[in-house]
1. Across region 304-318, which residue is surrounded by the fewest Cβ atoms within 10 Å (Cβ to Cβ) among those that are within 19 Å of Pro216 (Cα to Cα) and in contact (Cβ under 8 Å) with a residue 60 or more places away in the chain?
2. Please indicate, with yes or no, whether at least one residue in region 145-153 is free of Cβ contacts under 8 Å to residues at least 60 places away in the same chain, over 19 Å from the mean Cα position of the chain (by Cα), more than 30 Å from Glu36 (Cβ to Cβ) and part of a loop (DSSP other than H, G, I, E, B).
3. Against the conditions (1) open to solvent by less than 30 Å² (accessible area, probe 1.4 Å); (2) of a type in the set (A, V, I, L, M); (3) closer than 30 Å to Arg111 by Cβ, where does Val295 fall short? Just the number, please.
4. Quick one: which of Trp278, Trp321 is crowded, with 17+ Cβ neighbours inside 10 Å, hydrophobic (A, V, I, L, M, F, W, C) and either under 24 Å from the mean Cα position of the chain (by Cα) or modelled with pLDDT of 95 or more (or both)?
5. Please name all residue pairs, on different chains or six or more residues apart, with Cβ atoms under 7 Å, provided the first residue is in region 324-339 and is of a type in the set (Gly, Ala, Ser) and the second residue is open to solvent by less than 70 Å² (accessible area, probe 1.4 Å).
6. So in region 78-137, with the set limited to residues that are hydroxyl-bearing (Ser, Thr, Tyr) and not in a strand (DSSP E or B), which one is farthest from Tyr294 (Cα to Cα)?
7. Quick one: count up the residues across region 287-312 that are in contact with a strand residue (DSSP E or B) (Cβ under 6 Å, 6 or more places away or on another chain) and either under 19 Å from Tyr249 (Cα atoms) or among the aromatic types (Phe, Trp, Tyr) (or both).
8. In this structure, does Val233 turn out to be farther than 18 Å from Ser121 by Cβ and without any contact (Cβ under 8 Å) to a residue 60 or more places away in the chain?
Amino acid sequence: TSAFSEKLFIEGYLAYGIRDGALKYFVRPTFSLNGESVAKFPAHYIQAAVQHDIFDPGRNLGFRKGDSFFQSIRRNRPTKWMDTDAYQLTHLIEFGNHVSLASSIIHHQRRAIGDLQFVSSADNAVSMPEINTNELQFILRWAPNEKFYYRNLSRNTIIEKYPVFNLQYNRGLDGFRGGNYAFDAVRASLSKRLFLKQLGFADLTLAGGKIWGTLPYPLLEIPDVFREEDRHVIDYTLMRSTEFVADEYIRIAVEHKLEGFIFNKIPLIKRLNLRELWGVKMFYGNLTDGNNPYVSDDVIRFDRNAEGQTLTHVMDKSPYWEGKVGIDNIFRILRVEYVKRLNYL
């Protein structure tokens, strides 16, 4: 909190695995470079992060509070993991017109554990002990007319009618600290809230990207993998972990809150102040031949379950869809949703 320091912000966790008897940890200090609070706009700081933990394939450095607990009890919980060590150094500067640039250097070491195996796709299959990468990352963000609310040394964007744009470029560096993958990746995203007068409002998110280079599939785009806490992330409720993989992709998500447009017209129901919502999410991706283990000998095989069934798939010509309907504001604190997977059944 600010009672400790406004110019230094430290976050992290320490955990102990009961079954493997190992510690997991994450620490991320942030140092202000402009003499102001690290949360105050416009911010200018340098940030370092160190993490050792168990991740799903494709997961990046960072954490989502409560994430592991809920993954352990969901129906499609992961059983394939990577023992991961990650290091990141980031410099962020914000400009007065709400343009920001974050520049990072990242090192990852990933070892397959649990049911996961890294096996080369060549005819003479060889088990790979680990996948190591080094990356330069640049994220350009523009949020015109952005406003915030603050809590301690963190801040959140107040969602208004103005769009938010993200453009990210990653460059893989070969030959440094065991990293042996050179690649380029570009990802772009747009989020916007649409105010629809009597029909409430809708949140629209569009994202897409492309990866150049020959890479094992955990380094490609895996749509059900969480990345950092951001409005632009689209997660899929009913997609299994590592079910699809792509090196060029597009995502779309729409959530429409009707704010009582229907329920307020029904006697008695109106007094409950219930709110209707519906939404859809789409993912479509393509895997080029160089990254397809059915075609290329230079990557790793898609993993299988205990019955020998392949768990990761290349999409056909149809995108993945899931939809939902729900009721919000139940007793002012609860929401209930019904989510249905519409294809790839």
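The values are calculated or read from the model by the stated rules, or taken from the named source; none is laboratory data. Since this is a predicted model, take the numbers as computed values, not measurements. Here the Cβ is made from the backbone with ideal geometry for all residues, glycine too, and neighbour counts use every protein chain on show. To get the accessible areas, we keep the full protein, side chains included, count just its heavy atoms, and leave off ligands, DNA and RNA. Shrake-Rupley method; radii C 1.70, N 1.55, O 1.52, S 1.80 Å.
1. That would be Asn305.
2. No - not one qualifying residue is present in region 145-153.
3. That leaves (1) as the condition not met.
4. Working: Trp278 fails: crowded, with 17+ Cβ neighbours inside 10 Å.
The conditions single out Trp321.
5. Pairs found: Gly326/Leu277.
6. Step one: of region 78-137, the residues hydroxyl-bearing (Ser, Thr, Tyr) are 79, 84, 87, 90, 100, 103-104, 120-121, 127, 133.
Still in the list and also not in a strand (DSSP E or B): 79, 121.
Numbers: Thr79: 24, Ser121: 8 Å.
Of everything passing the filter in region 78-137, Thr79 is farthest from Tyr294 (Cα to Cα).
7. Total meeting the criteria: 2.
8. It is true that Val233 is farther than 18 Å from Ser121 by Cβ and without any contact (Cβ under 8 Å) to a residue 60 or more places away in the chain.
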